[in-house]
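Below is one structure; the comments refer to it alone.
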Amino acid sequence: MGISRPTKYIFVTGGVTSSLGKGIISASLAKLLQARGYSVTIQKLDPYINIDPGTLNPYEHGECYVTEDGAETDLDLGHYERFLNITTSRANNITTGKIYQSVINKERKGEYLGDTVQVVPHITDEIKHCIKLLGETNDYDFVLTEIGGTVGDIESLPYIEAIRQLKFELGKNSLSIHLTLIPYLSAAKELKTKPTQHSVKTLLEYGVQPDILVCRTEKPLNQSIKDKIALFCNVDTSSVIESIDSSSIYRVPLLMKDEELDVVVLKKINMDTHGTPDLDKWKTFLHRLENPKHVINIGLVGKYVELIDAYKSIIESLIHAGTANDCKIDLKLIQSEKLNEKNITKKLKDLSGILVAPGFGDRGVEGKIMAAGYARKNKIPFLGLCLGMQCAVVEFARNVLMLNGAHSTEMEENTPHPVIDIMETQKKVTLKGGTMRLGSYPCNISTKSKTFSIYKQTHISERHRHRYEFNNKYTGDFENAGMIASGINPTANLVEIIELIDHPWFFGVQFHPEYKSTVANPHPLFVSFIKAAFEHKQKNQ
Ligand code: GLN
């Protein structure tokens, strides 16, 4: 199907509280439109002043998601890619920092010579430009734009103003969806619409009439509640969409289909509503996800375990891979800081697979190294991601090569055995934002390796986010002792994958496969890891 012109723009705002799941609702609507044959992309506008979340602590904003083109972005882009099986780019995540940076750069170049540079129109024009940019590629029928934050926040004002202007300019080729919460008061045994009314009133004050309300709720909305919301918020009753709590985010597209969110959108935008979304493959995935034949324990060793958003893509990749193996993943989050020689057996012995997470800095790193060692010695399937791979290398150096005090120079600048060292290209880097080795790089896989039997190809590309790398001075020693470099970057000769010869399943990767696993294409490394973990469980039962 060719791209329908002009591009249609859908804006998604949020009201009442944060964390209502705008990203999932946006991705679910996009999925329904995609399943009707339309080409869709989603972008996220974040009203904070950081240029990107790359410099944010995961406690602030969860995981930093990396795109193919090396942008450090909001974790919602991960949901977009996983749901839609598309790649996003730098243009899909805009922050206030980026907007202001661009406007200030233009001011310095003299592009506004003579003018006073103001929030309206200069900042709002820049926001509008960033929204329309994706549509102007002619690649999409629909561009969905999710506005971070909650309506009423001081920071979001220029974004809402930009939407107001765009809705006016684009007319029928745009619409806005407002996601709100209908809280249930258990004392009164009632669902309450007042916060939604207030939130819509705030939007109206800014000149934006939402076309559709998606209402998050823990109890079904009856007709009279829907009528009441419609009456107070100037929308048709059919445009009040219930979004009931769901046990899995992957069920939400089906819930939205039952509520006919896609049909309401298409009607409002004057597009064909014939036919239904083809969700057969999605339903097959969901059926397998919800009806697992086995359960396996997987340990995720990291330092942000009280915050699952910090490991969002890893957890979703495990779910995809579990589903592909008909396994429910019982995820055990293990705080690496708390692991020590005394408790390690107790904490890790019942795991069928151990995954050591990426990370920065030395907090909890000894626990990660210890976990890699436990997996190596006890032949438990092991997957080390980025810092997780580096920890496996350090452990092998210390305990197999007997290189006392071996470490990464990130943690121990003067280590006698820098088996992980800063990359040559990083040595002169002083600025922090966006300066790591970021995004997609090619990797050649040795046909003799076990890695090859997983990827079944010699040329792959994966996404990166790091400054340190395996120190090639040690490659020979490692290989002679049984840890081989099975994947190499062809241009810089960097070790991207290591595997243990004498182990059922032990891999470390310098990249982040978790950024590329989608519902339609679970990542082969994760699928193989879960398969190995299942086999380990069978053997040890
Ligand atoms: N801190 C390590 C490095 O910069 C690993 C980074 C990561 O795990 N993403 O190389």
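The values are calculated or read from the model by the stated rules, or taken from the named source; none is laboratory data. Small disclaimer: the values here were computed from a predicted structure and weren't measured. All Cβ positions, glycine included, derive from the backbone under ideal geometry; neighbour counts span all protein chains shown.
Any residue in the range 119-137 that is in contact with a Ser or Thr (Cβ under 6 Å, 6 or more places away or on another chain), at negative phi and assigned to a strand (DSSP E or B)? Before the answer, list the steps.
Our first condition is that a residue be in contact with a Ser or Thr (Cβ under 6 Å, 6 or more places away or on another chain); within the range 119-137, this holds for 126, 131, 134-135.
From what is left, the residues that are at negative phi are 126, 131, 134-135.
Pick out the ones that are also assigned to a strand (DSSP E or B) and you get none.
Within the range 119-137, not a single residue is in contact with a Ser or Thr (Cβ under 6 Å, 6 or more places away or on another chain), at negative phi and assigned to a strand (DSSP E or B).
Among the residues of the range 15-33, is there at least one that is among the hydrophobic types (A, V, I, L, M, F, W, C) and farther than 17 Å from LEU254 by Cβ? Reasoning before the result, please.
Residues of the range 15-33 among the hydrophobic types (A, V, I, L, M, F, W, C): 16, 20, 24-25, 27, 29-30, 32-33.
Then keep just the ones that are farther than 17 Å from LEU254 by Cβ; that gives 16, 20.
Looking for residues that are among the hydrophobic types (A, V, I, L, M, F, W, C) and farther than 17 Å from LEU254 by Cβ, one finds at least one in the range 15-33, hence yes.
So that you can scan it fast, the table gives a plain yes or no per residue for (1) over 18 Å from the mean Cα position of the chain (by Cα); (2) at pLDDT below 95:
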position: ILE315; (1), (2): no, no
position: HIS320; (1), (2): no, no
position: ASN325; (1), (2): yes, no
position: LEU333; (1), (2): yes, no
position: LEU339; (1), (2): yes, no
position: LYS346; (1), (2): yes, no
position: GLY353; (1), (2): yes, no
position: ALA357; (1), (2): no, no
position: ASP362; (1), (2): yes, yes
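For the range 332-369, the tally of residues that are away from the ligand (no atom under 16 Å from the Cβ) and part of a loop (DSSP other than H, G, I, E, B) stands at 9.
Filtered by the rule that a residue be charged (D, E, K, R), within 14 Å of HIS512 (Cα to Cα) and in contact (Cβ under 8 Å) with a residue 60 or more places away in the chain, the range 448-474 gives ARG463, ARG465. Remark: pairs (first residue in the range 509-525, touching a residue at least 24 places away in the same chain (Cβ under 8 Å); second residue polar (S, T, N, Q) and surrounded by fewer than 21 Cβ atoms within 10 Å (Cβ to Cβ); Cβ separation under 6 Å; 6+ apart in sequence or on different chains) = THR518/ASN85; ALA520/ASN85.
Taking the criterion of being away from the ligand (no atom under 16 Å from the Cβ) and either among the hydroxyl-bearing types (Ser, Thr, Tyr) or over 28 Å from ILE530 (Cβ atoms) (or both), the residues of the range 484-512 that qualify are SER486, PRO490, THR491, ASN493. Restricting LEU266, LEU339, LEU318 to those that are out of contact with any strand residue (DSSP E or B) (no Cβ under 8 Å at 6 or more places or on another chain) and buried (at least 16 other Cβ atoms within 10 Å of the Cβ) reduces the list to LEU266.
List the helices (runs of 4 or more DSSP H) inside the range 378-483, counting only whole elements, that have at least 1 residues being within 13 Å of the ligand (Cβ to nearest atom). Spell out how you get there, then give the answer.
On the way: elements: 387-399, 450-455, 475-481.
Hits in the range 378-483: 387-399.
Name the residue that is nearest to LYS257 (Cα to Cα), counting only residues in the range 182-240 that are part of a helix (DSSP H, G or I) and acidic (Asp, Glu). Don't jump to the end; show me each part of the working.
Of all residues in the range 182-240, those part of a helix (DSSP H, G or I) come to 194-205, 223-233, 237-239.
Still in the running and acidic (Asp, Glu): 205, 227.
Working: GLU205: 31, ASP227: 20 Å.
Taking the candidates together, the pick is ASP227.
Criterion first (of a type outside the set (Phe, Trp, Tyr), within 21 Å of VAL264 (Cβ to Cβ) and either at pLDDT 95 or above or in a helix (DSSP H, G or I) (or both)) does LEU175 satisfy it? Yes, satisfied. Being among the aromatic types (Phe, Trp, Tyr), surrounded by 15 or more Cβ atoms within 10 Å (Cβ to Cβ) and in a loop (DSSP other than H, G, I, E, B) is a property that holds for TYR304. Among residues of the range 21-45 being buried (at least 23 other Cβ atoms within 10 Å of the Cβ) and charged (D, E, K, R), the one that is nearest to ASP262 (Cα to Cα) is LYS31. No other residue among LEU56, LEU84 is closer than 30 Å to GLU316 by Cβ and modelled with pLDDT of 95 or more apart from LEU84. Applying the condition of being within 18 Å of PRO195 (Cα to Cα) and of a type in the set (Ser, Thr, Tyr) to the range 3-27 and asking which residue is modelled with the highest pLDDT yields THR13.
Within the range 95-149, the set of residues being in contact with an Asp or Glu (Cβ under 7 Å, 6 or more places away or on another chain), surrounded by 13 or more Cβ atoms within 10 Å (Cβ to Cβ) and in contact (Cβ under 8 Å) with a residue 24 or more places away in the chain comprises THR95, THR96, ILE99, SER102, THR124, GLU146, GLY148, GLY149.
I'd like to know if the range 226-235 contains one or more residues that are exposed (fewer than 14 other Cβ atoms within 10 Å of the Cβ), of a type in the set (Gly, Ala, Ser) and free of Cβ contacts under 8 Å to residues at least 24 places away in the same chain. No, there is no match, as no residue in the range 226-235 is exposed (fewer than 14 other Cβ atoms within 10 Å of the Cβ), of a type in the set (Gly, Ala, Ser) and free of Cβ contacts under 8 Å to residues at least 24 places away in the same chain.
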